[in-house]
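The structure under discussion appears below in the form of structure tokens.
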């Protein structure tokens, strides 16, 4: 199995359909996020990444210009195969290439350990609900000098 990360174009109908399918299946169908909350105006300004396993779409993420990572999702059958790590690493490389020095994300509590293992740290202990799902804000500082996280 070959995993690769494709920088997708939200304005390309094929890319948008593949990104939307993953997000619909994970967030709306699996997690019960209301459809009206899933789609927002930030998609047009974001850089989108599509994880492909042998050219089949299996995961996605987006990176906003201010360094926020969001809408990261991996299809259930593909979890535990390093796809989430690959998506995060690609977001980090892209952020560095665009001069960003830190990344932020809002992590679902069920995925908190994953993000902590990837080097993200809680901004504060506050847990809040987003679309009815408990979340915590996380941060990762990037070191531009050596291309690694700080």
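The values are calculated or read from the model by the stated rules, or taken from the named source; none is laboratory data. Remember, it's a predicted structure, so these values are computed and weren't measured experimentally. Please note: Cβ atoms are built from the backbone with ideal geometry, for glycine as well, and neighbour counts cover all protein chains shown.
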Pairs where the first residue, in the stretch 87-110, is under 15 Å from residue 141 (Cβ atoms) and the second is assigned to a helix (DSSP H, G or I), C-beta under 6 Å, 6+ apart: 103/95
Considering only the stretch 10-32, how many residues are closer than 22 Å to residue 76 by Cβ, part of a loop (DSSP other than H, G, I, E, B) and under 16 Å from the mean Cα position of the chain (by Cα)? 1
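If we keep just the residues of the stretch 20-29 that are in contact with a helix residue (DSSP H, G or I) (Cβ under 7 Å, 6 or more places away or on another chain) and touching a residue at least 40 places away in the same chain (Cβ under 8 Å), which is farthest from residue 9 (Cα to Cα)? Full working, then the answer.
Within the stretch 20-29, the subset in contact with a helix residue (DSSP H, G or I) (Cβ under 7 Å, 6 or more places away or on another chain) is 23, 27-28.
Still in the list and also touching a residue at least 40 places away in the same chain (Cβ under 8 Å): 23, 27.
Values: 23: 15, 27: 20 Å.
Within the stretch 20-29, the match that is farthest from residue 9 (Cα to Cα) is 27.
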Which condition breaks for residue 2 when tested against (1) within 18 Å of residue 56 (Cβ to Cβ); (2) out of contact with any strand residue (DSSP E or B) (no Cβ under 6 Å at 6 or more places or on another chain); (3) modelled with pLDDT of 95 or more? (3)
From the residues in the stretch 100-119 that are within 21 Å of residue 3 (Cβ to Cβ) and over 13 Å from the mean Cα position of the chain (by Cα), which one is surrounded by the fewest Cβ atoms within 10 Å (Cβ to Cβ)? 117
Kindly establish whether residue 142 is surrounded by 14 or more Cβ atoms within 10 Å (Cβ to Cβ), outside any loop (DSSP other than H, G, I, E, B) and without any contact (Cβ under 8 Å) to a residue 40 or more places away in the chain. no
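Going by the structure shown, is residue 75 surrounded by 17 or more Cβ atoms within 10 Å (Cβ to Cβ), in contact (Cβ under 8 Å) with a residue 12 or more places away in the chain and under 14 Å from residue 139 (Cβ atoms)?
Working: surrounded by 17 or more Cβ atoms within 10 Å (Cβ to Cβ): yes; in contact (Cβ under 8 Å) with a residue 12 or more places away in the chain: yes; under 14 Å from residue 139 (Cβ atoms): no.
Considered against the rule, which asks whether it is surrounded by 17 or more Cβ atoms within 10 Å (Cβ to Cβ), in contact (Cβ under 8 Å) with a residue 12 or more places away in the chain and under 14 Å from residue 139 (Cβ atoms), residue 75 comes out as no.
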Residue list for the stretch 30-51, restricted to those being over 19 Å from residue 11 (Cα atoms), out of contact with any helix residue (DSSP H, G or I) (no Cβ under 7 Å at 6 or more places or on another chain) and surrounded by 15 or more Cβ atoms within 10 Å (Cβ to Cβ): 31
Hey, residue 97 hits all of (1) over 28 Å from residue 36 (Cα atoms); (2) surrounded by 14 or more Cβ atoms within 10 Å (Cβ to Cβ); (3) out of contact with any strand residue (DSSP E or B) (no Cβ under 9 Å at 6 or more places or on another chain) but one; which does it fall short on? (2)
Can you tell me how many residues within the stretch 35-55 are under 9 Å from the mean Cα position of the chain (by Cα) and in a loop (DSSP other than H, G, I, E, B)? 0
For the stretch 56-114, enumerate the residues that are farther than 22 Å from residue 14 by Cβ and in a strand (DSSP E or B). 68, 69, 102, 103, 104, 105, 106, 107, 108
Looking at the stretch 119-136, which of its residues are free of Cβ contacts under 8 Å to residues at least 12 places away in the same chain and part of a strand (DSSP E or B)? 128, 129
